[in-house]
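For reference, the structure is listed below as structure tokens.
The values are calculated or read from the model by the stated rules, or taken from the named source; none is laboratory data. For clarity, every value in this text was computed on a predicted model and none was experimentally measured. FYI the Cβ positions are ideal-geometry reconstructions off the backbone, even for glycines, and counts take in every protein chain you see. Keep in mind that these areas ignore ligands, DNA and RNA; they rest on the heavy atoms of the full protein, side chains included. Shrake-Rupley method; radii C 1.70, N 1.55, O 1.52, S 1.80 Å.
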Amino acid sequence: MPAVSMTVNGKAVSGDVEARTLLVQFLRENLRLTGTHVGCDTSQCGACVIHVDGIAAKSCTLLALQCEGAKITTIEGLAAADGPLHPMQEAFREHHGLQCGYCTPGMIMSALDIVRRRGNDLDEHTIREQLDGNICRCTGYHNIVKAIAAGAKEMGKGGTTQQAAE
Amino acid sequence: MYNFTFHRPTTVRQAAGLLARNPDAKLLAGGHSLIPVMKQRLASPAALVDLGLVEGIVGVELKGRSVSIGAMTRHADVANSPVLKEVMPALASVPGSIGDPQVRNRGTIGGSIANNDPNADYPAACLGLGATIITNKRRIAADDFFTGMFSTALEEGEIIVRVSFPVAKKAGYEKFKHPASGFALVGVFVSKRGPDIRVAVTGAGANGVFRVPSFEEALKKRFSPKSIEGLTIPASGMNADIHASAEYRAHLVGVLARRALVKATA
Ligand SMILES: Cc1cc2nc3c(=O)[nH]c(=O)nc-3n(C[C@H](O)[C@H](O)[C@H](O)COP(=O)(O)OP(=O)(O)OC[C@H]3O[C@@H](n4cnc5c(N)ncnc54)[C@H](O)[C@@H]3O)c2cc1C
Ligand code: FES
Ligand code: FES
């Protein structure tokens with residue numbers, strides 16, 4: 001089996017995988033990072049969104065081997081297990097931006113990509129348009145949109161569009 | 001998805017060598033058409049040749065009166081290219097309308113054109129601007145490149161390296177987005193470059209992207225939405241599925257062509 005190595009949440013990791021192994025399988029099954037979800041497996045729902053070298057991508061539509069040498073950030077990489085939540089996570093909690101939580105890791109990783117591209121001052125229209133690739137079956141999106149606007153603002157106060165603690 | 005061997009060349013020449021040596025090999029660009037198709041087992045290549053590390057085939061450059069886009073340039077990077085937004089914003093708007101942000105972060109122009117999905121956006125821009133598709137073997141005019149649904153003039157082992165678009169002073173793209181997939185139910189790209197007038201349609205034709213000579217002829221007198229007011233195209237030859245009938249698609253071609261002309265002449 002081919003070997004693959006990459007940096008995940010700031011840690012060097014490696015493993016032997018079949019060529020057909022998807023990045024999301026590698027993360028969940030090899031690394032046991034189960035925060036990244038599979039909602040559709042057909043590239044539509046965005047539950048699997050992670051960052052590859054700082055840019056959001058659907059990890060169900062990437063091969064692990066395509067990420068050889070890349071820096072991957074998953075939802076687990078945003079905040080230390082025993083520390084405070086990342087401002088975007090905190091905003092989802094505060095604004096009730098989740099119900100079942102299945103879509104939430106992908107929503108948050110996508111939200112950070114919106115901040116990267118569009119900055120900290122986000123209007124509702126921009127957020128809704130930019131969430132095109134993320135589906136939520138519970139919330140009706142309303143509070144997700146509010147949470148992202150608030151989280152983006154909060155990140156701005158920290159003076160950064162920075163995503164992960166890494 | 002069936003298993004395969006995986007290769008990561010760093011030059012176009014190496015990639016071509018790998019294709020030649022591995023029967024039943026396929027190129028992998030952004031993977032955002034190929035991987036879903038492999039998951040459905042509609043494709044099961046024995047080998048994948050990943051273009052991700054190949055040098056010299058990424059970027060948007062202004063070369064004289066043409067814009068040259070490397071095959072591995074991602075949709076987001078074309079959409080946000082400062083030089084392209086300045087010289088031909090209509091072309092930048094095409095990848096800007098593809099799918100969703102995550103798809104635009106991975107999908108590439110080379111992959112989109114090689115795939116020639118009948119509802120894809122880039123084929124309309126290529127045909128609507130008279131682009132030239134440059135491969136490791138030759139240069140192919142867009143008029144000769146798109147040969148039907150999911151089929152192109154590319155030969156076995158041929159690799160798209162770059163696409164060159166002549167800069168048109170007037171150009172516009174209008175798309176009726178499928179609300180679920182983001183693909184073009186119908187999309188129309190119009191352009192005028194000197195006497196060369198083009199109207200190219202994606203999404204509608206049963207054989208993929210096509211030009212509309214009757215509209216182009218009418219626009220010769222005056223390049224304005226008024227010139228094609230009331231003109232229609234026949235429903236025969238249009239695609240029909242659960243999303244839209246052939247008649248509706250034919251109707252949209254006229255509507256979207258006029259809207260694209262409004263943009264192009266604004
Ligand atoms: C959810 C979703 C929504 C989408 N919405 C849209 C949309 O609205 N509009 C739209 O146009 N597209 C849409 N797409 C398709 C997307 O644009 C794809 O990225 C694109 O069609 C293929 O590009 P790729 O780089 O991912 O190619 P891949 O999937 O890697 O490859 C596609 C094909 O091209 C071949 N190929 C790749 N590169 C080359 C090359 N340089 N030379 C020769 N052959 C090559 C491959 O062998 C393969 O057969 C969508 C995709 C998804 C998953
Ligand atoms: S699981 Fe990847 S987009 Fe749905
Ligand atoms: S909170 Fe349940 S899917 Fe979004």
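Under the simplified labelling scheme, the B:THR11-B:VAL262 pair shows an inter-label distance of 5.2 nm, with each label point 7 Å from Cα along Cα→Cβ. Relative contact order of chain B: 15 percent, from C-alpha pairs under 8 Å at least 6 residues apart in sequence. Counting only protein heavy atoms and a probe of 1.4 Å, the accessible surface of the stretch B:60-264 is 52% carbon and sulfur. The mean number of partner chain beta-carbon atoms within 10 angstrom of a residue's beta-carbon across peptide A:48-57 is 3. The residues of the stretch A:14-40 occluded by other protein chains by 30 Å² or more of accessible area, set against the chain on its own, are A:ALA19, A:ARG20; surface from heavy atoms, 1.4 Å probe. Of the accessible area of chain A, computed with a 1.4 Å probe over protein heavy atoms only, carbon and sulfur atoms account for 48 percent. Residues of the stretch A:44-75 with backbone nitrogen within less than 11 Å of a virtual label 7 Å along the Cα-to-Cβ line of A:SER5, please, listed as ranges. Flagged as within label range: A:69.
Per-residue shielding of A:61-71, expressed as the average number of other chain Cβ atoms within 10 Å of the residue Cβ, stands at 5. Modelled spin-label separation between B:ARG65 and B:SER245, with each label point placed 7 Å from Cα along the Cα-to-Cβ direction: 4.5 nm.
Calculate, for chain A, the solvent-accessible area per residue in square angstrom, rolling a 1.4 angstrom probe over the heavy atoms of the protein chains.
Per-residue value: 45 Å².
Of the residues in the stretch B:85-132, those shielded by at least 40 Å² of accessible area once partner protein chains are present, compared with the chain alone at a 1.4 Å probe, are B:ASP100, B:PRO101, B:GLN102, B:ASN105, B:ARG106.
Can you tell me which of B:GLY194, B:GLY203, B:GLY182 moves the most in a GNM of chain B? Springs connect C-alpha atoms under 10 Å apart. Sorting by GNM fluctuation, first place goes to B:GLY194.
Note on chain B: GNM, Cα springs under 10 Å; of B:ARG65, B:ARG74, B:ARG249, the largest mean-square fluctuation is that of B:ARG65. For a distance above 16 Å, tell me the whole-number percent of Cα pairs in the stretch B:173-266 that qualify. Cα-Cα pairs in the stretch B:173-266 separated by more than 16 Å: 49 percent.
Buried area at the B:A interface is about 2000 square angstrom, summed over both chains, from accessible surfaces computed with a 1.4 angstrom probe. For the stretch B:5-50, the carbon plus sulfur part of the accessible surface works out to 52%, probe radius 1.4 Å. According to the calculation over all Cα-Cα pairs in the stretch B:5-50, the P(r) per 10 Å bin from zero is 29, 54, 17, 0 %. Taking Cα centre as origin and charging only the Cβ of basic (Lys, Arg, +1) and acidic (Asp, Glu, -1) residues, the dipole magnitude of the protein assembly as shown rounds to 1220 debye. Here A:ARG32 and B:GLU229 are evaluated by their C-beta separation; at R0 = 45 Å the FRET efficiency comes out at 0.10.
Inter-chain neighbour count for A:132-138: the average number of beta-carbon atoms from partner chains within 10 Å of each residue's beta-carbon is 3. For chain B, a/c is not less than 1.5, where a ≥ b ≥ c are the root eigenvalues of the C-alpha gyration tensor, and a/b tops b/c. That puts it in the prolate class. If you model the stretch B:144-219 as an ellipsoid using its alpha carbon gyration tensor, with each semi-axis the square root of five times an eigenvalue, the axes come out at 22, 19, 13 Å, biggest first.
Think of a 1.4 Å ball rolled over the protein heavy atoms: chain B then has 43 Å² of accessible area per residue.
Highest GNM mean-square fluctuation among B:MET149, B:MET38, B:MET88, for chain B modelled with Cα contacts below 10 Å: B:MET38. Note on A:THR42 and B:ALA153: the model spin-label points, each 7 Å out from Cα along the C-beta direction, lie 3.5 nm apart. Tally Lys/Arg at +1 and Asp/Glu at -1 over every other residue whose Cβ is under 13 Å from the Cβ of B:ARG106; what's the total? Residues close to B:ARG106 contribute a combined charge of -2. Taking 0.36 nm per residue of separation and subtracting the Cα-Cα distance, full extension of the segment from B:LEU42 to B:GLU217 would add 58.9 nm. Note on the protein assembly as shown: semi-axes of the ellipsoid equivalent to its C-alpha gyration tensor, largest first and rounded to whole Å, are 37, 27, 19.
I'd like to verify something in chain A: which complete DSSP H helices, judged by Cα projection on the helix axis, reach 18 Å or more and average at least -0.5 on the Kyte-Doolittle scale? Once both thresholds are applied, what remains is A:104-118, A:142-157.
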